[in-house]
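Undergrad: What follows is a single structure, and I will ask about it in a moment.
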Amino acid sequence: MEGGLGSEFGAAGGKLDPGLIMEQVKVQIAVANAQELLQRMTDKCFRKCIGKPGSALDNSEQKCIAMCMDRYMDAWNTVSRAYNSRLQRERANM
């Protein structure tokens, strides 16, 4: 059964590969997190920068969107680095 459940979850000769399953789950979580980040950034920047939606963005709206998205990504990266650093410190103290 090509492309069936077994191949999706790392079955090799009928045995599930827990390592492969974990990697697939990690990838799915990363994709979901990226989608959520993009959705939140889009929502926040749209509300901040677009006064009256129309058929096109004017120059000031384009600049506002670009700056908003840059700031949002910078803030997200800063928080992400701090969170990962804290996790590493806590793991080292266990």
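Undergrad: Just how large is the dipole of the chain about the Cα centre, in debye to the nearest 20, putting +1 at every Lys and Arg Cβ and -1 at every Asp and Glu Cβ?
TA: Numbers: 13 positive and 11 negative charges, 111 e Å.
Magnitude of the dipole: close to 540 debye.
Undergrad: Build a GNM of the chain with springs between Cα atoms under 10 Å: which of D43, D70, D58 gets the top mean-square fluctuation?
TA: Fluctuation is largest for D58.
Undergrad: So what is the calculated 222 nm ellipticity per residue for the chain, using -39500 (n - 2.57) for each DSSP H run with n of 4 or more, over all residues, to the nearest 500 deg cm²/dmol?
TA: Values: 3 runs with 70 residues, N = 94.
Dividing the helical sum by the residues of the chain leaves -26000 deg cm²/dmol.
Undergrad: Is the C-alpha gyration tensor of the chain telling us rounded, prolate or oblate? Criteria: a/c under 1.5 is rounded; beyond that, a/b larger than b/c is prolate, otherwise oblate.
TA: Details: a/c = 5.48, a/b = 1.70, b/c = 3.23.
Because a/c hits 1.5 or more and a/b fails to exceed b/c, the chain counts as oblate.
Undergrad: Cα-based count: Lys pairs in the chain below 22 Å, eight or more positions apart or different chains? Walk me through the intermediate numbers first.
TA: Values: K15/K26; K44/K52; K44/K63; K48/K63; K52/K63.
Value for the chain: 5.
Undergrad: Counting only protein chains, not ligands or nucleic acids, how are D17, D74 ordered by accessible area (probe 1.4 Å), most first? List each step's numbers first, then the result.
TA: Details: D17 70, D74 95 Å².
Descending accessible area places them as D74, D17.
Undergrad: Calculate how steeply helix 59-92 sits against the longest principal axis of the alpha-carbon atoms of the chain, using the helix alpha-carbon long axis, and give the answer as 0 to 90 degrees to the nearest 10.
TA: Roughly 40 degrees, rounded to the nearest 10.
The values are calculated or read from the model by the stated rules, or taken from the named source; none is laboratory data. Model, not experiment: these values are computed from the prediction. Glycine also receives a Cβ, built like all others from the backbone with ideal geometry; neighbour counts cover every protein chain displayed. Heavy atoms of the whole protein, side chains included, go into the accessibility calculation; ligands, DNA and RNA do not. Shrake-Rupley method; radii C 1.70, N 1.55, O 1.52, S 1.80 Å.
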